[in-house]
Amino acid sequence: MILPILQYGDPVLRAKGNRIEIIDDRIRELAANMIETMHAAHGVGLAAQQIGEALQLTVLDLSAVEDDRPSTLKLDGKDIDPKTAMPLVLINPEIELRGQAEVGVEGCLSFPEITGDIERAQSVTVRAQTLEDGTIQIEAGGFLARAIQHEGDHLNGILFIDRMRSAAKVALSSRLRRLQKETKRGIKHREPLVTETTL
Ligand code: ZN
């Protein structure tokens, strides 16, 4: 089932996600619906807050952008082709930042038609639970590392505009105010402009 994606201005986007204690059919159905919703919106990542649930749950699928914005992935210590691991479902992820910071373009499904240069760590190590109630350890680099940091922020109520340089944020301020107002009045936008970087 495709779920409505919340836009900037909705308070759930600012909520810290609750830890998921029991991985049951409700969570499995929610994750499946989130993957369907992300694919339908041509996004590459989606956090539970974006569909109105303040939970530590996020889904990612970077396979469509792998050629343009490549990633590296080690799953439980083994190098694997990132495409074969997609879609990824991360439950209660604990993310450790590694390497130096680098700047890259990001968009967000909750911010139609807005993109920005965001500084992120080059790589991350993640420990998370899976839908099968197991634990996985991920070492990610490239775009996957960026996407995981963007989603990890969502799970804590942090949005990518919070990490924009102040000049960029000032330049966007009237658009952000308009989007907030439209969200409060229930006006929905269609798909975001730059789909290959929307998380
Ligand atoms: Zn986002």
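Which residue out of Arg165, Arg127, Arg177 is surrounded by 14 or more Cβ atoms within 10 Å (Cβ to Cβ) and of a type in the set (D, E, K, R)?
On inspection, the qualifying residue turns out to be Arg127.
Can you pull out every residue in region 144-186 that is more than 14 Å from the ligand (Cβ to nearest atom) and not in a helix (DSSP H, G or I)?
Hits for region 144-186 are Arg165, Arg185, Gly186.
Just checking, which of Leu155, Leu179, Leu172 is within 23 Å of Tyr8 (Cα to Cα), among the aliphatic types (A, V, I, L, M) and modelled with pLDDT of 95 or more?
None of the others qualify; the one that does is Leu155.
Of these, Leu73, Leu6, Leu55, which one is open to solvent by less than 20 Å² (accessible area, probe 1.4 Å) and in contact (Cβ under 8 Å) with a residue 24 or more places away in the chain?
Exactly one of Leu73, Leu6, Leu55 is open to solvent by less than 20 Å² (accessible area, probe 1.4 Å) and in contact (Cβ under 8 Å) with a residue 24 or more places away in the chain, namely Leu73.
Within region 17-29, can you find the residues that are surrounded by 13 or more Cβ atoms within 10 Å (Cβ to Cβ) and out of contact with any helix residue (DSSP H, G or I) (no Cβ under 7 Å at 6 or more places or on another chain)?
Result: Asn18, Ile23, Ile27, Arg28.
The values are calculated or read from the model by the stated rules, or taken from the named source; none is laboratory data. Small disclaimer: the values here were computed from a predicted structure and weren't measured. Don't worry about glycine lacking a Cβ; one is built from the backbone with ideal geometry, like all the others, and counts go over all protein chains shown. The protein model used for the area step is the full one, side chains on, heavy atoms only, and it has no ligands, DNA or RNA in it. Shrake-Rupley method; radii C 1.70, N 1.55, O 1.52, S 1.80 Å.
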